[in-house]
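Here, each number is a calculation from the coordinates, and none is a lab measurement. Quantities reported herein were computed from a predicted structural model and do not represent experimental measurements. Don't worry about glycine lacking a Cβ; one is built from the backbone with ideal geometry, like all the others, and counts go over all protein chains shown.
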Amino acid sequence: MAAAPAFGLAPQRDPEERERKLRTRALAGLRAWLDLVQAGPEHLCPVCGWHGRFAPVREKPGLSCPACDSRPRHRLMKLWMDRHLRLPRTARVLHFAAEPAIGALIRPRVAEYRTADIAPGADLRLDLTALDLPDGCVDLLIANHVLEHVADDRRALAEIARVLAPGGRAVLSVPMVDSWPRTHEDPALGPEERRLYYTDRLHLRLYGRDFPDRIAAAGLRVEEFVACEPDVSRHGLKRGERIFIGLKPGPQSA
Ligand SMILES: [Zn+2]
């Protein structure tokens, strides 16, 4: 015997009605997507020179450059490079978890450019906590959004400081909450808890404003570059986002 319909209501089974509802929903979804794409002001991409509206990423409007797919942190990095980085032709650059848009800008300007990752696919397969490289062999090391994946980030920072040449620099950025005095980390958390606390199953901590102290503890002098106006509105940056630059004491090499 068939079960009685809940609350005396028959389930909706009319195929035409179902089709009509699906079409209405699809059109509403398309309209919302178009609103997202067409929403917001126009920006200038400092990475590739595109001018116009940026595309949404995960339903957040105005994040991705439609020409080069740069995100706010890539554009911030490019502005820092334009204003503060003087790379001699002889420079040796090591780029962890390399962003192609940033790599394409650096590779033609330097003597040696290598990508690196703990996973296969990069020029060099390297563990950031045990770098198979001699002391002082890198003039510029880039690791954007990498350290939050590394279990012993203090050891990674010490390794970064070791392989930097005197005067060399490391460009480091991480997800962080500026209003937290200290980094939140708990090695006992499982993947689902990490997603809850750190927004990503693969992140091992969410940094607070003690992040630059960890860089300094490795023996590097810390500078920062902050996304301020008018750059934020002109280039579609994340307001207040920061990249940190760790400088190894010595005559500047890069
Ligand atoms: Zn672009």
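The table for this structure:
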| read-out | value |
| --- | --- |
| For segment 180-185, 3J(HN,Hα) per residue [Karplus equation, 6.51 cos²θ - 1.76 cosθ + 1.60, θ = phi - 60°, Hz, x = Gly/Pro] | 8, x, 10, 5, 9, 8 |
| Simple label model, 7 Å out from Cα along Cβ direction - residue 221 to residue 238, nm | 2.9 |
| Ranked packing of 142-149, 214-221, most packed first, by mean Cβ within 10 Å | 142-149, 214-221 |
| Over the chain: Kirkwood hydrodynamic radius from C-alpha pairwise inverse distances, Å | 20.8 |
| Spread of Cα-to-Cα distances over 10 Å intervals beginning at zero, given as percent, for segment 119-232 | 13, 41, 33, 13, 0 |
| Residue 118 long-range amide H proximity, modeled H, under 5 Å | 126 |
| In order through segment 108-115: 3J(HN,Hα) via Karplus (6.51 cos²θ - 1.76 cosθ + 1.60), integer Hz, x for Gly, Pro | x, 9, 10, 5, 9, 10, 10, 8 |
| Relative contact order of segment 16-69, pairs being alpha-carbon contacts under 8 Å that are 6 or more residues apart, as % | 25 |
| Degrees separating the helix 15-38 axis from the principal Cα axis of the chain, which is the longest one | 30 |
| Rounded FRET efficiency, nearest 0.05, which uses the C-beta distance separating residue 209 from residue 21 and R0 of 51 Å | 0.55 |
| Proximal lysines relative to residue 60, as straight alpha-carbon distance under 20 Å, when same-chain residues fewer than 8 apart are discounted | 238 |
| For peptides 16-23, 157-164, 78-85, sequence by mean Cβ density within 10 Å, most packed first | 157-164, 78-85, 16-23 |
